[in-house]
Amino acid sequence: MPPDVTHREALAAIAPEALARMKERADRPGLARLAAHLGLLALTGAAVAASLGTWWLALPAMAVHGVVLVFLFAPLHETVHETAFRSALANRIVAEICGFAILLPPRRFRYFHFAHHRHTQDEARDPELATPKPQGWPAYLWRLTGVAYWRDQAAALASAAAGRPLPDYVPPSGRPRVVREARTHLAAYGAIAALCLATGWTAPLWFWIVPVLLGQPALRAYLLAEHTACPLVPDILANTRTTFTAPAIRFLAWNMPHHTAHHALPAVPFHQLPGLSAQLRTNLKATANGYPDAHRQIVAAFAPRS
């Protein structure tokens, strides 16, 4: 194939029956990966429990636990695509739980994310580009803290719950459900806060709130690598980065470092992405050998100072 082949041409070169097999959904791989993710969460939570009372042990333990927690974004993302499981009910339940844990209501995220897929790297229509990508060290480091994420998500949740106008990527038919979702989530967060204040229960603080704050920078760094410093063009092979990384990261991210393959064919479940990525590999135009390399590319693309 020529070096300027598009993702559609690359997919057309794969046998139709092979693509059909890749798109088949199954419950077992998703259940196994979810069980492993939750098992890891239990282990890191046990480490937090064992370290409480000794701050120099508790903070690192909570940071590690927080990384595993915030990477519940991965099963949320997969279930929003309805590819984690064959069962629609299983996809909905897991999406609700994961979205609640990381302040990302799944219905609204679904509308946002599908608009991102339809208009990837389109400056006028990709909702991910509504927040400009960092073009210098201050913005880059600020993005990595995760503070802007929590601020923006809390504001969006409160705004939707108040019935204020929603972004254009939410269709009119979906707006009542997005408002109900926001109100339900806010009520649940409020109930947990009230219970903690009334009873002195502190477990949510040490096993959830502080860890997700400490772990969020890892997720920000991971997500920045997906498209930042890639060209603003329609071709998925160029506008989306595949990061070749360690098995532990691929496990935690549910194979989404194979991000070009995911964007090229979003109907392919996470457990089939390595195979699809291997088929596309010779035509990938945006790659990184690990996340340090991805971030070197991002920093190298910073706008020069005038």
(request) Please enumerate the residues belonging to the range 278-306 that are within 17 Å of His259 (Cβ to Cβ), of a type in the set (A, V, I, L, M, F, W, C), open to solvent by less than 50 Å² (accessible area, probe 1.4 Å) and more than 20 Å from the chain's Cα centre (by Cα). (result) Leu280, Leu284
(message) Please go through the range 130-183 and give me each residue that is part of a helix (DSSP H, G or I), farther than 30 Å from Ala63 by Cβ and open to solvent by 40 Å² or more (accessible area, probe 1.4 Å), ordered by number.
(response) Pro172, Ser173, Arg175, Pro176, Arg177, Arg180, Arg183
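Among the candidates Ala160, Ala155, Ala188, Ala148, which residue alone is closer than 20 Å to Ala130 by Cβ, small (Gly, Ala, Ser) and touching a residue at least 40 places away in the same chain (Cβ under 8 Å)? Quick ask: steps written out before the conclusion?
Values: Ala155 fails: touching a residue at least 40 places away in the same chain (Cβ under 8 Å); Ala188 fails: closer than 20 Å to Ala130 by Cβ; Ala148 fails: touching a residue at least 40 places away in the same chain (Cβ under 8 Å).
Answer to the check: Ala160.
For residues that are hydroxyl-bearing (Ser, Thr, Tyr) and touching a Phe, Trp or Tyr at 6+ places or on another chain (Cβ under 9 Å), scanning just the range 66-95, find the one that is farthest from Asp27 (Cα to Cα). Working first, answer last.
First, pick out the residues of the range 66-95 that are hydroxyl-bearing (Ser, Thr, Tyr): 79, 83, 87.
Going one step further and asking which of them are touching a Phe, Trp or Tyr at 6+ places or on another chain (Cβ under 9 Å), we end up with 79, 83.
On the way: Thr79: 12, Thr83: 9 Å.
Across the range 66-95, the extreme among qualifying residues is Thr79.
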(request) Taking Glu226 as meeting all but one of (1) of a type in the set (D, E, K, R); (2) under 20 Å from Arg151 (Cα atoms); (3) touching a strand residue (DSSP E or B) at 6+ places or on another chain (Cβ under 9 Å), write down the number of the exception. (result) (2)
(message) Against the conditions (1) touching a helix residue (DSSP H, G or I) at 6+ places or on another chain (Cβ under 8 Å); (2) modelled with pLDDT under 95, where does Gln135 fall short? Just the number, please.
(response) (1)
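The values are calculated or read from the model by the stated rules, or taken from the named source; none is laboratory data. Given the structure is predicted, the values throughout are model-derived calculations rather than measurements. So basically every Cβ, Gly included, is an ideal-geometry build from the backbone, and we count neighbours across all protein chains shown. Heads up: the accessible areas ignore ligands, DNA and RNA and are worked out on the full protein's heavy atoms, side chains in. Shrake-Rupley method; radii C 1.70, N 1.55, O 1.52, S 1.80 Å.
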